[in-house]
Each structure stands twice: as structure tokens, then as C-alpha cells.
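S.K.: Dropping the structure in here first, questions after.
Just so you know, all these numbers are worked out from the coordinates, no wet-lab data involved. Only a predicted model underlies this, so the values are computations on that prediction, with no experimental measurement involved. So basically every Cβ, Gly included, is an ideal-geometry build from the backbone, and we count neighbours across all protein chains shown.
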Amino acid sequence: MVNPPLNATIASSHSDNRFHILLAALLAQILASPFLTGAGTDVFQDVFFLLLLIASVHGVRHSRLYPVIFALTIASVLSVLAKHLIGGVFWDVACDALGAAVVLLAGVALSLYLARQRRVNLDTVLGGLCVYLFMGAMWFLLYGLVNRLIPDAFAFTVHHGPLTPEMTDRLLFFFSYVTLMTIGYGDIVPLSPVAQVIAVLEGLLGQFYLVFFMARLVGLHVAAKQGDPE
């Protein structure tokens, strides 16, 4: 018998499109970032941030970690409200820390789900992409934490003039993803030892993840083909 075509192995999943929504939220945050300027920028940034957290909760709602992730998401929403109603560095730090915790646990829950899969399907591919983009989102929040807690942790070399907190966040968001992909343009340089170590870890883990993820996809596909009757 002729081996089944690839699209028979990479089949659509019937798990209610949860990773479609999560991937869309992650991509929307990236695509919208250049346009979030002017008055109300901080509000729009936080709206996209909260939408991402909600999509993360939706994507891992069948995980055993869901109660913890849900509780941290509620705490994160409350911290964002307090940030705008009360203000202060404490609430900025709380938003970043709680958001990073949500993204980290959601990424762990998603990785555990993918590790249990025995066949390559659309969920496997989209879920793997979500984990990769989660890494960029989490490191952005970590960079924000470092920048708030350690003065001059980063040098924004070619970005002259005083930078508003919103502009700084946007640049750190950009820095996170180019570091994840190990591109690096040199316009943003981590100066503090903590920032440097975090940047190195992001580059290493980003490359390791791509290697393991591709090996996993190929391994599952080969195993599925070998298990099919000739």
C-alpha cells in the first residue's frame, strides 16, 4: 500500500482551536507594538498584555496547572488596575512579575501537553510555535523587571533623547525577540551583569528549543509513518 500523504499525518486537531486563539494573541501583540504610540499608549499596551494572559488561560484550561495560572492571571489583572488607579513603581514591578509567572507556567503546561502527543497534527505545530513566542514574551517582562530595579541596566545606544517608560518598554519588547532569534542589531545593549546573563540565557534557550522542537516533529512523523501498514 502506498504510504499516506503528509497531510494525513499532519491533520487538523478537533480541540476547539485553543492554540489558534493563543497564537493569534501572541502575533497581534507583536504586530501592534509599532502602532502603540502617543496618548494612552500605556493603556493600550496593558490591554494587549491582558488579552494575551486571557488567551493563555484559555489555551491551558485542561492542564493541572490551570488553577494556579488562573489565580495568577486574576492577580495580574488586579495589579494592572492598581497600576493605573494608584500608580507607583511597586505596581509596575508587580505587573511584570505576575505576568512573567503566568507566561512561564502557561508555557510549561503547554510543553507538557506537547510532550504527551504521539502524532504530528495542527495542534502540535501551533502549540510549539506558541511556546517559542511565549519565550519572547516572558523575557520581555524579565527585561522590564531588570530595567525598573537596576538603573542603567540597558544602554539604548542609537535611540537618542529622553525615553518615556512606554518607549522603553517597546524597545525592550523588540530586544527580547531579536535576542530570542539571536539576530542582535547592537542598538540595545545589556550593561548590568544580571541583564547580560538573562540575555545570554534567552539566546541559548531559543536555539535549544528550535533544535528540540524540530527533532520532536520529525521523530513523531517518522514514527507515525513506520506504524502505518504497508
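S.K.: Does anyone have the angle between helix 165-180 and the longest principal axis of the chain? Alpha-carbon axes, 0 to 90°, nearest 10?
M.R.: Helix 165-180 and the main axis of the chain meet at about 30 degrees.
S.K.: How big is D, in µm² s⁻¹, for the chain by Stokes-Einstein at 25 °C and 0.890 mPa s if Rh is the Kirkwood radius over C-alpha pairs?
M.R.: Numbers: Rh = 19.0 Å.
Here the translational diffusion coefficient equals 129 µm²/s.
S.K.: How big, on average over all directions, is the shadow cast by the Cα convex hull of the range 53-113, in nm²? Let's see the in-between values first.
M.R.: On the way: hull surface 14.4 nm².
That works out to 3.6 nm².
S.K.: Using the Cα centre of the range 15-227 as the reference point, and only Cβ charges (+1 on K/R, -1 on D/E), how large is the resulting charge dipole? Debye, rounded to the nearest 20. Each step should come with its number before you reach the end.
M.R.: Details: 11 positive and 11 negative charges, 208 e Å.
Magnitude of the dipole: close to 1000 debye.
S.K.: In what sequence, highest mean first, do 96-109, 49-62, 198-211 appear when ranked by Cβ atoms within 10 angstrom?
M.R.: Values: 96-109: 22.1, 49-62: 19.5, 198-211: 15.1.
So the order, starting with the most tightly packed, is 96-109, 49-62, 198-211.
S.K.: Using R₀ = 22 Å, calculate the FRET efficiency as 1/(1 + (r/R₀)^6) where r is the Cβ-Cβ separation of residue 216 and residue 58; round to 0.05. Don't skip to the answer; put the middle values down first.
M.R.: Values: r = 24 Å, r/R0 = 1.09.
That pair, residue 216 with residue 58, gives E of 0.40.
S.K.: May I pose another question? Could you give the angle, 0 to 90 degrees to the nearest 10, between helix 89-115's Cα long axis and the longest principal axis of the Cα atoms of the chain?
M.R.: So the inclination is approximately 10 degrees.
S.K.: A follow-up question, please. Ranking 143, 132, 185 by Cβ neighbours within 10 Å, fewest first, what do you get?
M.R.: Ranking 143, 132, 185 by Cβ neighbours within 10 Å, fewest first, gives 185, 132, 143.
S.K.: Using r as the Cβ-Cβ distance of residue 187 and residue 24, and R0 as 25 Å, what FRET efficiency do you calculate, to the nearest 0.05? It would help to have the intermediate numbers written out before the result.
M.R.: Values: r = 29 Å, r/R0 = 1.15.
Here the calculated transfer efficiency is 0.30.
S.K.: So what's the back-of-envelope 222 nm ellipticity for the chain, counting only DSSP H runs of four-plus at -39500 (n - 2.57) apiece and dividing by all residues, rounded to 500? Mind dumping the intermediate values first?
M.R.: Numbers: 8 runs with 164 residues, N = 230.
Rounded to the nearest 500, it is -24500 deg cm²/dmol.
S.K.: May I pose another question? To test your reading of the geometry: what angle, between 0 and 90 degrees and rounded to tens, separates the Cα axis of helix 193-227 from the longest principal axis of the chain?
M.R.: Orientation of helix 193-227: about 10 degrees from the principal axis.
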